[in-house]
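To start, the structure itself, in structure tokens.
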Amino acid sequence: SWYDAIAFCNKLSEKEGLRKFYNINGTNITMNWGANGYRLPTEAEWEYAARGGISTNSTTYSGSNNIDEVAWYKKNRIIGGKTHEVGTKQPNGLGIYDMSGNVWEWCNDWYNANYYSNSPSNNPHGPNSGSYRVVRGGGWNSNAYHCRAAVRSIRSPGYRVISIGFRLARTP
């Protein structure tokens, strides 16, 4: 779940002597943007990384216009479906693997359909509240459309399923 992912971020931050990003009080979560600990990427950070550090729509998927080069998804997964070892497909322009397909990835952001039409243009942190959290990237059980770098989906922060994972970020 999103809650499990942020708890992991805090535990790893503590283990490494970093300031925790998340203040967790049950389901009341506050974020310390000045902390140097681990966190989930914002949706804007996730998309920028998926696009290989390029802010334009240069490729449909993370690293290629050919999904089979960069992603495990519904049409090329092994029968029965499962996650695959990271790095068995091509990386994107930043050398990052599996941002399209394999598993959906939790982002830090609440979902708000209209947020990005009025958000800050430089590194937006996402909406301050909502009912659902954003997941990006598609998974081994997704169709090609859902693996595109531009696609977002939403889930309740308590939702748990084997096809959602997470990627860590830190603010230097």
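Checking each residue in the stretch 59-75 for being exposed (fewer than 15 other Cβ atoms within 10 Å of the Cβ) and either closer than 26 Å to Tyr159 by Cα or touching a residue at least 12 places away in the same chain (Cβ under 8 Å) (or both) picks out Glu69, Lys75.
Only one of Arg160, Arg136, Arg152 is open to solvent by 20 Å² or more (accessible area, probe 1.4 Å), of a type in the set (D, E, K, R) and within 20 Å of Gly52 (Cβ to Cβ). Can you tell me which?
Working: Arg160 fails: within 20 Å of Gly52 (Cβ to Cβ); Arg136 fails: open to solvent by 20 Å² or more (accessible area, probe 1.4 Å).
Exactly one of Arg160, Arg136, Arg152 is open to solvent by 20 Å² or more (accessible area, probe 1.4 Å), of a type in the set (D, E, K, R) and within 20 Å of Gly52 (Cβ to Cβ), namely Arg152.
Filtering the stretch 152-168 to residues that are free of Cβ contacts under 8 Å to residues at least 60 places away in the same chain and part of a strand (DSSP E or B) leaves Ser153, Ile154. Going through (1) open to solvent by less than 30 Å² (accessible area, probe 1.4 Å); (2) assigned to a loop (DSSP other than H, G, I, E, B); (3) under 30 Å from Thr30 (Cα atoms); (4) hydrophobic (A, V, I, L, M, F, W, C) one by one, Ile96 falls short only on (1). Of all the listed residues (Gly34, Gly52), the sole one being within 16 Å of Ile96 (Cα to Cα) and either in a helix (DSSP H, G or I) or not β-branched (Val, Ile, Thr) (or both) is Gly52. Taking (1) charged (D, E, K, R); (2) open to solvent by less than 80 Å² (accessible area, probe 1.4 Å); (3) more than 30 Å from Arg19 (Cα to Cα) in turn, Lys82 satisfies each apart from (2).
Among Asn122, Asn102, which is free of Cβ contacts under 8 Å to residues at least 24 places away in the same chain and not β-branched (Val, Ile, Thr)? Just a single option satisfies the conditions, and that option is Asn122.
The values are calculated or read from the model by the stated rules, or taken from the named source; none is laboratory data. From a predicted model like this one, the values you see are computed outputs, not experimental measurements. Cβ coordinates were reconstructed from backbone atoms using ideal geometry, including for glycine residues, and neighbour counts include every protein chain displayed. The protein model used for the area step is the full one, side chains on, heavy atoms only, and it has no ligands, DNA or RNA in it. Shrake-Rupley method; radii C 1.70, N 1.55, O 1.52, S 1.80 Å.
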